[in-house]
Amino acid sequence: MIPQDYIQELMARTDIQELIGSYTQLKRAGRTYKGLCPFHSEKTPSFVVYPDNQSFYCFGCGAGGDAITFVKKINNLDYVEAVKLLAGRAGMKMPDEDDAQGRMRSRVLALNRDAARFYYSCLNSEKGQQARAYWRGRGLSDATIRRFGLGYAPDSFRETFSHLKAKGYTEEELVASGIAKRSEKGNLYDVFRNRVMIPIFDVRGNVIAFGGRNMGNEKPKYINSPETLVYKKSHTMFALNVAKKSSSRRYILCEGYLDVISLHQAGFDTAVAACGTALTADQVRLLSDYAREVVLCYDSDEAGQKATARALGLFAPSDIRVSVLAVPGAKDPDEFIKARGAEAFARLLDGAGNALEYKMSKAKANYDITAPDGRLNYIKDCIELLAAEASPTEQDVYAGRLSQETGVAKSAIMAQMETAVRGQGRRRSRQIQRDLLKEGVAASIQLPRGITGQQALGVAVAEQQLVAAVLKQPEFMAQVASQVTADRFILPELSQAWQVMTDRWKAGEPFELSTLSCDLPDSVMAMLSRILAQNHGMGFGKEDIELYLGRIRTGTMTSGAAAEMDAGQLAGYLEQLRKKKRPTEHSED
């Protein structure tokens, strides 16, 4: 366990706004900072950083916590590793601690490296003859095979396991790596057998996982490593460790590993692919650290087109310029390059259409624009698209193109565009109002299964307000610790938090938000951040504390005027308190 006084000093040296600002652009908004959430795709900023209590919260996806929570989530780290990262930023040496999980991570990384070397040696042995023929049949050179560390898993249930066991790895480490599985009888066996092997590296060059492909038509075509201590597929881009070394900032996003490898061999050294079945917001964020432009290069089949549409949505909030590559006469880039050559593919890349052009071409394919109704429907779809996603300049340019395509006057198209833009503005305004309602104190509470009713919801509101008050003003703990225990809480997350907070108080230890993340799961940290966000700028008095305690103890208000308030009325009462107690905002903020 890392000492709390060390964590306190680390948090004092960590500026959460500066930390988070290195991952996503933040703009000052009064006493807070606001920006696009780095954990989900959004167009309107809903991610807020609160420097006063060193926390963050996203009103869109619910992510929240302190600096340690943020580093854990954004970098896919455990608690100790997140503390180490922050300590490195702050120039602090780590205290001695029992880091069993950290040691296991190091062992798994070493095991994966030795497994990759073993697979490569098997490829170049007598038993790898068929695998070598497969790779060469795919057009890969020996240099490419070496560059990507491609290999072969022998046709055996225990050969890989035995080799790694002989190198000193334990059965626990073999299972933790995903290289071996345990049978129903308790025996270990190799996961990858008689497959060509593709190692997956993280951006630092560590082998973190493997993809194993069959060499025939049997199913499944691929077997992939499970998620482990070192591998989270939604956070990983295949070949990014190679692509990041390129001087180019135009990246080519492909559908599969072999597409990427073939493009690299042809000289396109920024090709990458998403690990997992579909691109994720975390992978887009990771890619945005390296790319200024991304060319989507998915297969031309229905699945590839769906993947393209999904990717466009995920990239929309980012600053990355996105274009879509159409590969004529071939199902994928590898097939095109083999038939037409690398220079022809380079010309395709230079002529790739942007996201708007791609979406307009998809709309055009739905209609027969030689017919009047087809032209009208095509124009209508394009106008809705341009009103929602295009800048005024883009609207003017594409209105001119629509006019040329359909023979409809540009002035008529622009008039309809103006109407659509106003409609989009009204819809956005209504959505903002709906989002604000969702941020209400009572609206965000989910009662446990089996507990219903306005009275229970009112108690839950009081619980979260009490926790918020004590987190903001720790001096209240002396007033309330003996009056309410964790087992009185309806919400299990707050019960868990309250237990940790009171235990800390009794031990004379701090219980501010920034000290709790070692003892609470991320979901509870997110809830605590949410209730602090909802009460930002609000002060609490002793009468408020008594009101919350009375509601928790008896389910009814202690004051006569509020004796039978339901949850909605209680939320309104709390909002009145908020307005009365909110400090005056100064113009310089």
In nm, to one decimal, how far is the SER247 label point from the VAL175 one, both placed 7 Å along Cα→Cβ? 5.1
So the FRET efficiency between SER300 and GLU418, C-beta based with R0 = 30 Å and rounded to 0.05, is 0.25
Virtual spin-label span in nm between SER125 and ALA166, 7 Å along Cα→Cβ: 0.8
Lys, Arg +1 and Asp, Glu -1 on Cβ, resulting dipole of the chain about Cα centre, debye, nearest 20: 1140
Got a number for carbon plus sulfur as a percent of the stretch 233-375's accessible area, 1.4 Å probe? 48
Does the stretch 213-288 come out rounded, prolate or oblate by the C-alpha gyration tensor, with a ≥ b ≥ c the root eigenvalues, rounded set by a/c under 1.5 and, if not, prolate when a/b is larger than b/c and oblate if not? oblate
Taking the alpha-carbon distance from LYS364 and a cut-off under 19 Å, which aspartates and glutamates remain once sequence neighbours fewer than 8 residues away in the same chain are dropped? ASP301, GLU302, ASP373, ASP381, GLU384, GLU389, GLU394, ASP396, GLU405
In the chain the DSSP beta bridges are antiparallel at a rate, in percent to nearest 5, of 75
Expressed in nm to one decimal, what extension gain is obtained for the pair LYS380 and SER141 from 0.36 nm per residue of sequence separation less their Cα-Cα distance? 81.0 nm
Averaged over all directions, how much area does the convex hull of the C-alpha atoms of the stretch 208-339 cover when projected, in nm²? 8.4
Just want the answer: with Cβ charges of +1 for Lys and Arg and -1 for Asp and Glu, which residue in ALA365, ALA339, ILE383 is farthest toward the dipole's positive end in the stretch 277-383? ILE383
Which of the three applies to the stretch 290-418, rounded, prolate or oblate, going by the alpha-carbon gyration tensor with a ≥ b ≥ c and a/c under 1.5 meaning rounded? prolate
Please enumerate, by chain and number, the lysines with C-alpha under 24 Å from the C-alpha of LYS167, excluding those fewer than 8 residues away in the same chain. LYS127, LYS181
Could you work out what % of the accessible surface of the stretch 98-190 is carbon and sulfur, using a 1.4 angstrom probe and leaving DNA, RNA and ligands out of the count? 47
Counting all C-alpha pairs of the chain, share separated by more than 42 Å (%): 39
Mind scanning LYS84/LYS306; LYS43/LYS72; LYS73/LYS221 and naming the pairs with a C-alpha gap bigger than 29 Å? LYS84/LYS306; LYS73/LYS221
Let me see the pair-distance distribution of the stretch 180-230: every alpha carbon pair, 5 Å bin width, integer percents in order. 5, 18, 22, 21, 19, 11, 4, 1
Determine which lysines satisfy two conditions relative to LYS506: a Cα distance under 22 Å, and not lying fewer than 8 residues away in the same chain. LYS472, LYS542
Accessible area per residue of the chain at 1.4 Å probe, in Å²? 47
How big is the dipole moment of the stretch 5-45 about its Cα centre under a simple scheme where the beta carbon of each Lys and Arg is +1, that of each Asp and Glu is -1, and everything else is neutral? Debye, nearest 20, please. 360
Surrounding charge for ILE198, neighbours by C-beta under 13 angstrom, Lys/Arg +1, Asp/Glu -1, total +4
Estimated 222 nm signal from helices in the chain, with DSSP H stretches of n ≥ 4 weighted -39500 (n - 2.57), rounded to 500: -15500 deg cm²/dmol
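The values are calculated or read from the model by the stated rules, or taken from the named source; none is laboratory data. Please read these numbers as outputs of a predicted model, since none were measured by experiment. For neighbour counting, all protein chains shown are included, and Cβ atoms are generated from backbone atoms with ideal geometry for every residue, glycine included. To get the accessible areas, we keep the full protein, side chains included, count just its heavy atoms, and leave off ligands, DNA and RNA. Shrake-Rupley method; radii C 1.70, N 1.55, O 1.52, S 1.80 Å.
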